[in-house]
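Below is one structure; the comments refer to it alone.
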Amino acid sequence: MWIREIDIEGFGTWARQRFQLEPDLNIILGPNEAGKSTLLHFIRSVLFGFERRGQASRYEPLSGETHGGRVLLQLDNDSYVVERIGGVSGPSSGRVTIVDSQGARFGEEMLPNLLGGVTKELFYSIFAFGLWELEQLDSLSRAEVNGIIFSAGIDTPVPIVQVEQALQKEADELFRKGASKPVINQGLLKLEELYQEIQDLANQPREYREAVRERDNLLADIETTVRQLRSLRSGLAWAYTLASAWETWQAWQKVRVELENFPAVESFPVQGEMRLEELLQRLAEQKTSLQQQEALLAEREGLLAEIPHGMILAEHRTEVLDLAERRSAFLQNMDRCKKQAGKVAECRKTVEQRLAALGNGWTQERVQAMQSGLEMKETVRSMKARLQELEEPVRSRKVRLQEAAAKVQESIEQVTNLEKKIRSLSERIHSLNPSTYDYEDRRKAFNKFRSSSEEIRTLEAQRDHLRESIAALEHQMSGLPLESLFGTRFQRQLMGLVGFGIAVLLMAALLGFLNYRSSGLALGAVGGTLAFIGLGMRVLLNGQTRQERQRLQNKRKEVETQLQERKSDYQVVVMKIEKVQGKAASAATICFGHSEPADEEIWTCQQALDEEKQLRTRLQILQDELDGAREKREKAEEERKRAETQVFEAERTMADALDQWKSWLTDHGLAANLTPDGALEVLDGVMSALDAVRKCEEEETAQSVLEEQIDAYCRRVNRLRELFGENPVSPDSAAEAVFDLKSALEEYEKLFTEVKKQRDTVSALREQLQATEGALAHLLQQAGAEDAEDFRRLAAIYMERQKLQRDLRELEVELSSRGAERGFEAICHDLEQTNAEMLEERIKALREQEAELEEMVAQQRTRVGELNQKIASLEQDQRRSSLHFAYDTLQGEMNEASRRWAKLVMAKELVAMTRQRYEKTRQPEVLREASSFFFQMTAGRYQRVFAPLGEQVIRVETADRRYLTVEQLSRGTVEQLYLAMRFALIQEFARRSVILPVIMDDILVDFDPVRLDRTAAVIREMARKHQVLFFSCHPHVAAALLGSGQQGKLIEL
Amino acid sequence: MRAFKFVHGADLHLDSAFSGVGRVSEDLQKRLRSAVLTAFAKMVDLCLEERVDFVLLAGDIYDSNRTTLWSQRFLREQLLRLANAGIFVYMIHGNHDPMSEQSFDLAWPDNVVRFGSECAESVALVKDGVELAQIVGMSYRNADEPQDLSALYSPSSQAPYTIGLLHASVDGLGGQDNYSPTSLAQLVAKPFNYWALGHVHKPQILFQDAHCTVAYSGSMQGLSPVENGPRGVFLVSVDANGQTTSEFVSLADVIWETIQVSIADLSSMEGLLDTIEDRLDDLSENYLGSGVMATIQLVGRGGLHSALQQSEVLAEILESLRGRCSSFSREFVYPHRILVSTRRNIDLDRVSQSYPFMGEFLEVASQAPSSELKGRLAEALKPLFCHPKARRYLTHLTDGELSSLLEEAKLLALDMMLGEEQ
């Protein structure tokens, strides 16, 4: 591969610059800062990427052009333009486009193919280097260079150095002595850490056991302390009880002493003092009351003695009270008696008036004799009714008689009227038709005439029809000949035509035959054909005529038969007409008087017959009415006669009744001319007078009864008055006397009752007084007192004692309750042994002890809590298990890694051993070539370059067989050695991969002129195979390179 | 005799290490840490549900040097649940919880009968006045018990049924000979109807006939990827004729499982992932209701081998597979690690011919562990394996490990040298 063209867009100082290059030696000569190194970097950068941003060697364009450019690479027959363009965006190494000679485009991945897989580092240090790189062969890792050097002859598919490196690298990633990052180094550290942590936690079980033991001990201690505390607290509580009971106890003792020294009144009436005072007060009150009541009694007794006749009145108490009771009745009787006298006088007057009203002759006696007035009145009333009853039939029968007479008259008039009407109608009918034939005959004859005329018309129409039919048939008959003329004529015409045709054809045939044989032959054929047709037609027509003749003969026979039938029908109809005409003529004679009436006559006759028929109907109705009227007249006459008889009978009955009435009046002494109503009036007057008489008698009787009662009352009053020695009284003053008596009696009785009551009161009071005195004496006796004063003294003593005993009991109860379950005896016993001060001291001491114990328990409990927490947390702690797990897994991982490491190390060791053996047996080719280059460059001063076995260093052998290390060589010689090495490597690379251009930047400056020339020769030799780009600022170097042959291209900048 | 039922469990290893788990999320860690406790709680549930007459615990219930109060408390609570149901627990101490290291800090509930380490003790199990069985047992005094304790066991001849409760290594099972070493023949020869053994973590019935059953109940919860498959206890029923029927009941809350996936026919990572996913699905179907910690072992020769050598690739695969586990509160299948035991398709002869260097390499690597090679490798491994911390915290490389690692190293180097070259 070689670079054909360099095309810079913008790179450092370069802008839009293009260089054409040759495939062999190219010397680029220019002064300092002409851009030679920049150009070297341009090629490097295009092929391997721009340096990172911010680095000077990135060579951003100074002129603002696009960063980058392209190189045209030539490979055998192909060329590729490799373009790399930088930019603000995109990768810092720039964007690569590769286009081949056919225009196909590729990406950056194509580059290694073009460059034979050379790495950037290798290219920079071996193929494109400056003086600096030349001197610093170290810039390439020694191992890599060594690898290239030593494995140069080892032909494995993967360079053996690479394999060793890869194995070493992988192994180092796993473990490296003294390092800290590799996996196993880290893992071991971690394992140690974990182990330590586990060890730290190994104390957990011991801690746990100790904690449990301590806790259990503490719990036992707490129990003991709590027991102590409990008993101490009960002692303290008792001390408090004693202290609080102290005062009560002292009070109790005091009361007890007092009670012992008190006089003894063991028993005393209950509420004695109160009861005593009550009794004394009651006694005083009762005495006062008795005195008052006794005085009152004496006063009442005096008043009673003062009332006169008191005793006698009391004796006749019943009579007095009875009289007093009846007193009001008596007074009423007096009053009524007076009123009764007036009533009697009034009645007498009424009797006289009524007698006067009856007229003379009527006295009280006569009236009293007519005791049966009511019965008579009843008789009169019945007689009156009978007479009225009889009057009614007489009157009604007379009315009916009158009505019957009127009816008779009416019917007579009706008959007369009808007879007159019939007469006039008969006359009219008669005037209408003077014919001899009666109505019915005429009517029948007329109808007959009418029907006959109708029949004649029908028959005549029939006759005419037949006549026409006969004429038609005859006509038809005449149209049917015996043979058909039409058929014969037609046949004849046709035959003529055919004959003519044949003649024409024969003529034509003849002509044709003479002139044209052929056409004549044709005409002959036509003529023959026509002749044949004509023959056929004739035969056909003959057949047709025979059939038609037969048909016509049949038809004619048929018509003849029909004609005969019609003619005979016609004869029959004519005869019928004649017969009916005869009948019509006889009927017409009856109707019209002659046989042939005109149409008008017939119509008139019709009218007359219709009118006559109406009149005759009306006449018949009138005749019927007349018969009815006559019958009615006879019935009315019969009715009148019957009514006359009934009137007569009623009048006779009436006369008999009147006779009876008159005889009754006479019998009862009344005027015979009296009507029943008059008789009733007289009887009423008698009855009224009689009533007045009777009432008068009743009033008189009542008055006498009243007078008798008044007398009896007065007698009783006067009898009593007699007992008191007083004068009798008149009825008028009797009532007053009775009132006085009763008043006196009442007053006496009232006083008597009061006195009696007073006496009872006094005696009751005396009894009460005695009882009170008894109770008082008993009370005093109960108390053992002599009197009330003594009683009171004893009561006071008893009360005081009672109070003391109560106090004592209360105090005892209080002490008992304070002593609680220990009881009264215990508390008293303990209190007797102590005093207030002692108690206070005891309480203080106990409380101090209590506080101490409480504090202790609290501390112990807190500790127990802590321990419990610790125990729980230890039980819950999964750290150890988790650490174990982590340790185990890591250990497993590390074991595995160590095995892998061992495998890698052993693999590498095996390769190394093989390589060493190999190196032993075969001199690496690259060193041989380097030796050759070095020999040439140093003009034979050094003859060999070699690498001793087992030492990764290079040594040189001088012509005089001295062995020198690199460090022992001069600077120039080292440069020549390294250049020789590079050239050997370049050739080795070319053998293994591709031929790459070699770019050198002024590397020959330290060479002396001889070695310069020698080296230039080597470079020219190199340029035969590899393209060489040599940058220099020294014209003599350029000249040396070009040599005497002036091979190569010189580009001056 | 009367029929009865008991549970035979052992090797709970409360607070024991979960080795080989690797780094896991907080949630999963929590679940794993509680798994042992959960398994024990499940055993108690089982006892209550089945109304067993008693429980036998054949040692190593906790790890003396690691036991935590938290777990002890939990254990005690569970034992109290049994106590409340009137179920007695007969237990012995094994090499992990020997009598001399009394590190159980809480008081044992009254229903727990612990056999001493002085001599073989025998306890008659009487229920409702009827003797059901006689149990003979003896605890370890120390972590080492070179003596065959079973030799001291002798039951009374009157007992209706006899049980030997023993923590021991039978016929070399379970490691060295300092765990009461004995032989199956000797156990069967003794007049015991049931040998309830502890110590070996894999549940197994060593012997069973009409008169005698010898069984390891195994650990109740698998404690490392090696202890794979279901773990639990034996539910043992003895009928009125003294016939023993034992039924294994899985209790493990988290089950370890290993699935082997061959890369032989796989050409892409997607294919590999799909295959693994299918296998994981199978696992979740097999262990419904449990958590499963799956080890994925990749085997076989195939094109994917090189890619699988990169730890990042494996990490990616794991990450992708772990996407299926969102929660660890209930059932889950968690691919916790991938073991790559694949081989590259290398024709060694061809390689030796084409690349002289590699021919030489194979020669070097295949030298019978020569002293030179051994010495150089030992020297190379020194920096880590002689590091004081590593000596303290890491396990030493065994010879076996070393030789297998050497083989792996050889293949790794070959692989790397060949690069993408097939």
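Semi-axis lengths, largest first, of the ellipsoid equivalent to the stretch B:173-318 are 41, 17, 12 Å, with √(5λ) applied to each eigenvalue of the Cα gyration tensor. Relative to one another, the C-alpha centroids of the stretch A:715-767 and the stretch A:640-710 are positioned 69 Å apart. Between A:GLU277 and A:GLU825, the FRET efficiency estimated from the beta carbon spacing at R0 = 45 angstrom works out to 0.50. Summing charges over all other residues whose Cβ lies under 12 Å from the Cβ of A:LEU751, with Lys and Arg as +1 and Asp and Glu as -1, gives -3. Entry for the stretch A:407-456 at q = 0.13, 0.25 Å⁻¹: log10 I(q)/I(0) = -0.56, -0.91, Debye formula applied to identical alpha-carbon scatterers, no solvent contribution. Stretching A:GLU294 away from A:ALA764 to a fully extended chain increases their span by 168.0 nm, per 0.36 nm per residue minus the current alpha-carbon distance. Extending 7 Å from Cα along the Cβ direction at B:GLN310 and again at A:GLU925 yields two label points whose distance is 3.0 nm. The alpha-carbon of A:LYS613 sits under 20 angstrom from the alpha-carbons of these lysines, leaving out residues fewer than 8 places away in its chain: A:LYS421, A:LYS444, A:LYS448. Alpha-carbon geometry of the stretch B:1-83: the Rg and the Dmax are 14.6, 54 Å, given in that order.
In whole angstrom, how far apart do the alpha carbon centroids of the stretch A:838-879 and the stretch A:174-249 sit? For the stretch A:838-879 versus the stretch A:174-249, the Cα centre distance is 14 Å. With a/c under 1.5 counting as rounded, go ahead and sort the stretch B:1-147 into rounded, prolate or oblate using the C-alpha gyration tensor (a ≥ b ≥ c being the square roots of the eigenvalues; past the cut-off, prolate if a/b is larger than b/c, else oblate). Taking the square roots of the gyration eigenvalues as a ≥ b ≥ c, the stretch B:1-147 is oblate. With 24 Å as the limit on Cα-Cα distance, the pairs of B:LYS202/B:LYS389; A:LYS120/A:LYS177; A:LYS908/B:LYS382; A:LYS903/B:LYS202; A:LYS177/B:LYS374 that go past it are B:LYS202/B:LYS389; A:LYS120/A:LYS177; A:LYS903/B:LYS202. Against the compact-protein benchmark of 2.2 N^0.38 Å, the Cα-based radius of gyration of the stretch A:642-757 scales to 2.72. A quarter of the convex hull surface defined by the alpha-carbon atoms of the stretch A:590-641 gives 4.5 nm² as the mean projection. Eigenvalues of the alpha-carbon gyration tensor of the stretch A:768-846, scaled by 5 and square-rooted, set the equivalent ellipsoid semi-axes at 52, 13, 8 angstrom, largest first. The relative contact order of chain A comes to 28 percent, based on Cα pairs under 8 Å that sit 6 or more residues apart. Taking the longest Cα principal axis of chain A as reference, the axis of helix A:317-358 is set at about 60 degrees. The stretch A:338-372 and the stretch B:34-84 have Cα centres spaced 156 Å apart.
Normalised size of the stretch A:169-314, defined as Cα radius of gyration per 2.2 N^0.38 Å with N residues, equals 3.96.
Label reach from A:SER704 (point 7 Å along Cα→C-beta): in the stretch A:342-357, amide nitrogens under 16 Å belong to A:344-345. Taking a straight Cα-Cα cut-off under 12 Å and skipping sequence neighbours fewer than 8 places away in the same chain, the aspartates and glutamates within cross-link reach of A:LYS254 are A:ASP807.
Taking 4.7 Å between C-beta atoms as the pairing limit, chain A has these partnerless cysteines: A:CYS337, A:CYS591, A:CYS605, A:CYS714, A:CYS828, A:CYS1033. Net charge dipole, the stretch A:408-458: roughly 300 debye, given to the nearest 20, about the Cα centre with Cβ charges of +1 for Lys and Arg and -1 for Asp and Glu. For the stretch A:253-366, the Kirkwood radius over C-alpha pairs fed into Stokes-Einstein at 20 °C and 1.002 mPa s yields D = 85 µm² per second.
Of all beta bridges that DSSP places with both ends in the stretch B:8-155, some 40 percent have antiparallel geometry. Take each residue in B:67-76, count the other chain C-beta atoms within 10 Å of its C-beta, and the mean is 5. Each pair of Cα atoms in the protein assembly as shown enters the Kirkwood radius, and Stokes-Einstein at 25 °C and 0.890 mPa s then converts it into a translational diffusion coefficient of 41 µm²/s. Extent along the principal axes, Cα only, for the stretch A:14-126: 36, 36, 28 Å, with the longest axis given first. When the convex hull of its Cα atoms is viewed from all sides, the stretch A:745-795 shows a mean projected area of 4.4 nm². Compactness ratio for chain B: Cα radius of gyration over 2.2 N^0.38 Å (N = residue count) comes to 1.17. Once Rg and the Kirkwood radius are both taken over the C-alpha atoms of the stretch A:202-261, their ratio Rg/Rh works out to 1.61.
Residues of the stretch A:569-598 falling in the label zone of A:LEU615, defined by backbone nitrogen less than 19 Å from a point 7 Å along Cα to beta-carbon, are A:591-593. Per the Kirkwood formula applied to alpha carbons, the stretch B:176-223 shows a radius of gyration over Rh ratio, Rg over Rh, of 0.99. For the stretch B:267-422, what is the convex hull (Cα atoms) projected area averaged across all directions, in square nanometres? In nm², the orientation-averaged hull projection of the stretch B:267-422 is 12.2.
Annotation: the antiparallel percentage among DSSP beta bridges lying fully within the protein assembly as shown is about 45. In the stretch A:3-56, Rg over Rh equals 0.96, where Rg is the alpha-carbon radius of gyration and Rh the Kirkwood radius from pairwise Cα distances. Partner shielding of A:871-878 amounts to 4, given as the average count of beta-carbon atoms from other chains within 10 Å of each residue beta-carbon. With semi-axes defined as the square roots of five times the eigenvalues of the C-alpha gyration tensor, the equivalent ellipsoid of the stretch A:685-753 measures 44, 13, 7 Å, largest first. The accessible-area ordering, largest first, of the residues B:MET293, A:MET799, B:MET99, A:MET838 stands as A:MET799, A:MET838, B:MET99, B:MET293, per a 1.4 angstrom probe. Taking the average, over residues, of other Cβ atoms within 10 Å as the packing measure, peptides A:697-707, A:903-913, A:926-936 rank A:903-913, A:926-936, A:697-707 from highest down. Each listed q (0.21, 0.22 Å⁻¹) maps to a log10 I(q)/I(0) for the stretch A:642-705, found by the Debye formula over equal Cα scatterers with no solvent: -0.87, -0.90.
Other protein chain C-beta atoms within 10 Å of residue C-beta, averaged over B:375-382: 4. Principal axis extents of the Cα atoms in the stretch A:546-643, from largest to smallest and rounded to whole angstrom, are 119, 31, 18.
The values are calculated or read from the model by the stated rules, or taken from the named source; none is laboratory data. Note that the structure is predicted; figures quoted are calculated from it, not measured. Ideal geometry is used to build each Cβ from the backbone, glycine not excepted, and the neighbour counts take in all protein chains shown. Only protein heavy atoms, including side chains, enter the accessible area calculation; ligands, DNA and RNA are left aside. Shrake-Rupley method; radii C 1.70, N 1.55, O 1.52, S 1.80 Å.
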